Amino acid sequence: MAKKIYLDYAATTPMDKEVFSTMKPYFSEKFGNAMSIHSFGQEALAAIDKARSALAEFLHATSAEIIFTSGATESNNLAVKGIIKSYQTQSGSQKRKPHIITTSFEHHCVLYACRSMAKEGLAEVTYVKPGKDGLIKVADIKRAIRPNTILVSVMYVNNEIGTAQPIKEIGKLIKLTNDQRPTTNHKIIFHTDATQAINYFDCNIDKLGVDLLSMSAHKIYGPKGVGMLYIRKGTPIRHIQDGGDQEYRMRAGTHNVAGIVGLGKAIELVTRNAKRETPRIKKLRDYLIKRVLKEIPKVKLNGSKIKRSPNNANFTFADVEGEGLILSLDMEGIAASTGSACSSGALTPSHVLLSIGLKPEEAHGSLRMTLGKYTTKQDIEIAVNKLKAVIGRLRKISGRVLSDYYSKK
């Protein structure tokens, strides 16, 4: 049987063996509830505290600023809705509806959270569009700021096309704006969804100038079902989920101890492996892009070639339908995607590709190939060769269908 090649690391990563080994005792031997005061509970709490410290060290934050969640979707919802909820409870906040700035190509969980706030009449929202290169301009964020702006949310690395946004520069803009604001105005809170950035980019929260940062464990070789929201001390945010007093009363619910332990170990491995793995993956990614653009006609790379994640290559192929391309590649043992795994069941074209100016028919012919630490050069060689064959076959079919259609008219 031919080797299967996985090129969908942006959707999820395989769990690292060290991560799984670290988690195993907390499924059975060390099963205590971290909120229990007896020794079983305290053993679990100590494991959670260790993981919290690892995340804090990675972000250059304090342990008290780390909130564990079920993943980035929950973290992003807490960030957006929690800020609005806090604003509603502040004196004088009802005089003017709060304003949120985000981008038109955020992950759906941020877009839908913002839309729900607008639909409920709780906030006004401005959606800043990226350029054709998939990059947000700081000047566009600046132009969108209003006196009632209280939240800016811009993802660090786009999950579909992999473009890296100027988060540090936006952070500086927001700090300058806040410094110049009248004391009667609410400060602007800056949030970034860093889910796709953790493996490859500097996430020092002070260098970025962010107040809130979200991430998921399963994007960094950790377990599914656990994530984190960094909340800078003093940020006006309220919980959106009622229940117990877990996570500094910010996120109710029994701790996923094994998952949190896995996240803590995964973040340690990011620190240990990044310097070695990132250049190797980038080299393979560049080789992949070079071969595809050179050897396959009528193809273009989506998004900036320079300011993008080292592991992401997103292409549009003319005269090819994306779903058929993915299924054909899968039959050849190559796993890739058309975009976000969270939207893989949708038949509508990618909102990310539409936002950078692609036509719907172009967006339907997209392919996202994302590499990881287990990807080899041989994998890329095989994948490109099979991609060429599949594209050629699909275009012949497409050509025959169009020929039959026009011959009958």
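Of all residues in segment 112-136, which are in contact with a strand residue (DSSP E or B) (Cβ under 8 Å, 6 or more places away or on another chain) and under 20 Å from Gln165 (Cα atoms)? Walk me through it before giving the result.
Within segment 112-136, the first condition is being in contact with a strand residue (DSSP E or B) (Cβ under 8 Å, 6 or more places away or on another chain), and the residues that meet it are 114-115, 117-118, 123-130, 133-136.
Once the filter is applied, which keeps residues that are in contact with a strand residue (DSSP E or B) (Cβ under 8 Å, 6 or more places away or on another chain) and under 20 Å from Gln165 (Cα atoms), segment 112-136 yields Cys114, Val125, Thr126, Tyr127, Val128, Lys129, Pro130, Asp133, Gly134, Leu135, Ile136.
Here are Ile260, Ile281: which of them is assigned by TED's automatic domain parsing to the domain that holds Gly322 and part of a helix (DSSP H, G or I)?
Ile281
Restricting to segment 307-332, name every residue that is touching a strand residue (DSSP E or B) at 6+ places or on another chain (Cβ under 9 Å) and either free of Cβ contacts under 8 Å to residues at least 40 places away in the same chain or of a type in the set (A, V, I, L, M) (or both).
Of everything in segment 307-332, those that are touching a strand residue (DSSP E or B) at 6+ places or on another chain (Cβ under 9 Å) and either free of Cβ contacts under 8 Å to residues at least 40 places away in the same chain or of a type in the set (A, V, I, L, M) (or both) turn out to be Ala313, Ala318, Val320, Leu325, Ile326, Leu329.
All but one of (1) surrounded by 22 or more Cβ atoms within 10 Å (Cβ to Cβ); (2) touching a helix residue (DSSP H, G or I) at 6+ places or on another chain (Cβ under 7 Å); (3) not assigned by TED's automatic domain parsing to the domain that holds Ile83 hold for Tyr287; which doesn't?
With respect to (1) surrounded by 22 or more Cβ atoms within 10 Å (Cβ to Cβ); (2) touching a helix residue (DSSP H, G or I) at 6+ places or on another chain (Cβ under 7 Å); (3) not assigned by TED's automatic domain parsing to the domain that holds Ile83, Tyr287 is out only on (1).
Using the structure shown, decide if Ala61 is assigned to a loop (DSSP other than H, G, I, E, B) and within 25 Å of Leu212 (Cα to Cα).
Numbers: assigned to a loop (DSSP other than H, G, I, E, B): yes; within 25 Å of Leu212 (Cα to Cα): yes.
Considered against the rule, which asks whether it is assigned to a loop (DSSP other than H, G, I, E, B) and within 25 Å of Leu212 (Cα to Cα), Ala61 comes out as yes.
Taking the stated definitions as given, is Ala64 among the aliphatic types (A, V, I, L, M) and either in contact (Cβ under 8 Å) with a residue 12 or more places away in the chain or surrounded by 15 or more Cβ atoms within 10 Å (Cβ to Cβ) (or both)? Quick ask: steps written out before the conclusion?
Values: among the aliphatic types (A, V, I, L, M): yes; either in contact (Cβ under 8 Å) with a residue 12 or more places away in the chain or surrounded by 15 or more Cβ atoms within 10 Å (Cβ to Cβ) (or both): yes.
Spelling it out, Ala64 is indeed among the aliphatic types (A, V, I, L, M) and either in contact (Cβ under 8 Å) with a residue 12 or more places away in the chain or surrounded by 15 or more Cβ atoms within 10 Å (Cβ to Cβ) (or both).
When you check Gly227 against the structure, is it buried (at least 18 other Cβ atoms within 10 Å of the Cβ), among the small types (Gly, Ala, Ser) and closer than 8 Å to Phe68 by Cβ, yes or no?
Numbers: buried (at least 18 other Cβ atoms within 10 Å of the Cβ): yes; among the small types (Gly, Ala, Ser): yes; closer than 8 Å to Phe68 by Cβ: yes.
Criteria met by Gly227.
Tell me, yes or no, whether segment 68-76 has at least one residue that is part of a helix (DSSP H, G or I), farther than 14 Å from Thr192 by Cβ and modelled with pLDDT of 95 or more.
Among the residues of segment 68-76, at least one is part of a helix (DSSP H, G or I), farther than 14 Å from Thr192 by Cβ and modelled with pLDDT of 95 or more, which makes the answer yes.
Go through segment 167-195 and report how many residues are farther than 26 Å from Thr69 by Cα and surrounded by fewer than 17 Cβ atoms within 10 Å (Cβ to Cβ).
Of the residues in that region, 12 qualify.
The values are calculated or read from the model by the stated rules, or taken from the named source; none is laboratory data. Fair warning: this is a prediction, and the values are worked out from it, not measured in the lab. Here Cβ is always computed from backbone atoms with ideal geometry, including for glycine, and neighbour counts include all displayed protein chains.
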